[in-house]
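Engineer: Okay, here's the structure, questions in a sec.
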């Protein structure tokens, strides 16, 4: 059965991933101006640009914390629930955070898409909970094997 803690962990992952995406996008502005003579030096210069940039490093580390929570949550939750819920919510939080930062939102269609996504996530969670309750009740009626 999906516990409240597992759902909250999935929600936390989506918040950490979704809210950091627009900040990561913004903080990479200017990387196109970094130029070096060969590909190895170019890679090193771009890496230096990113990891010495505090505006990039903080969202990157928060995003990676989300990945750690996701990894540990995968061990306890149903994969068919974890992936769609987390990815859908991540998309929603990316849109909302981008809007708060002044990015284009997408209008009424984006709002409709978010509402449909929330309905889908709710149905996935409810379905997962009812499937596991039914399986648990069937196992209890069979008795010990």
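Engineer: Among the candidates 16, 24, which residue alone is surrounded by 15 or more Cβ atoms within 10 Å (Cβ to Cβ), part of a helix (DSSP H, G or I) and under 11 Å from the mean Cα position of the chain (by Cα)?
Structural biologist: 16
Table: residues versus (1) surrounded by fewer than 14 Cβ atoms within 10 Å (Cβ to Cβ); (2) part of a helix (DSSP H, G or I); (3) within 11 Å of the chain's Cα centre (by Cα).
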| site | (1), (2), (3) |
| --- | --- |
| 5 | yes, yes, no |
| 12 | no, yes, yes |
| 62 | no, yes, no |
| 73 | no, yes, no |
| 95 | no, yes, no |
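Engineer: Right, another one. Let me confirm something: among 68, 43, 57, which residue is without any contact (Cβ under 8 Å) to a residue 12 or more places away in the chain, in contact with a helix residue (DSSP H, G or I) (Cβ under 7 Å, 6 or more places away or on another chain), surrounded by fewer than 17 Cβ atoms within 10 Å (Cβ to Cβ) and part of a helix (DSSP H, G or I)?
Structural biologist: 57
Engineer: If I ask for residues that are surrounded by 12 or more Cβ atoms within 10 Å (Cβ to Cβ), part of a loop (DSSP other than H, G, I, E, B) and either touching a strand residue (DSSP E or B) at 6+ places or on another chain (Cβ under 6 Å) or at negative phi (or both), which ones from region 97-111 would you list?
Structural biologist: 103, 105
Engineer: Sticking with this one: Suppose the filter is at pLDDT below 95 and either under 15 Å from residue 18 (Cβ atoms) or in a helix (DSSP H, G or I) (or both); does residue 87 pass it?
Structural biologist: Yes; evaluated as a whole, the condition is true for this residue.
Engineer: Taking the condition of being surrounded by 11 or more Cβ atoms within 10 Å (Cβ to Cβ) and in a loop (DSSP other than H, G, I, E, B), how many residues in region 30-40 meet it?
Structural biologist: Number satisfying all stated conditions: 2.
Engineer: Can you confirm whether residue 50 is assigned to a helix (DSSP H, G or I) and modelled with pLDDT of 95 or more?
Structural biologist: So residue 50 does not fit the description; no.
Engineer: Take residue 122 and tell me if it is surrounded by 11 or more Cβ atoms within 10 Å (Cβ to Cβ), modelled with pLDDT of 80 or more, out of contact with any helix residue (DSSP H, G or I) (no Cβ under 8 Å at 6 or more places or on another chain) and not in a loop (DSSP other than H, G, I, E, B).
Structural biologist: In short, yes.
The values are calculated or read from the model by the stated rules, or taken from the named source; none is laboratory data. Since the structure is predicted, the reported quantities are computational estimates derived from the model, not experimental observations. In this analysis, Cβ positions are derived from the backbone assuming ideal geometry, glycine residues included, and neighbour counts consider all displayed protein chains.
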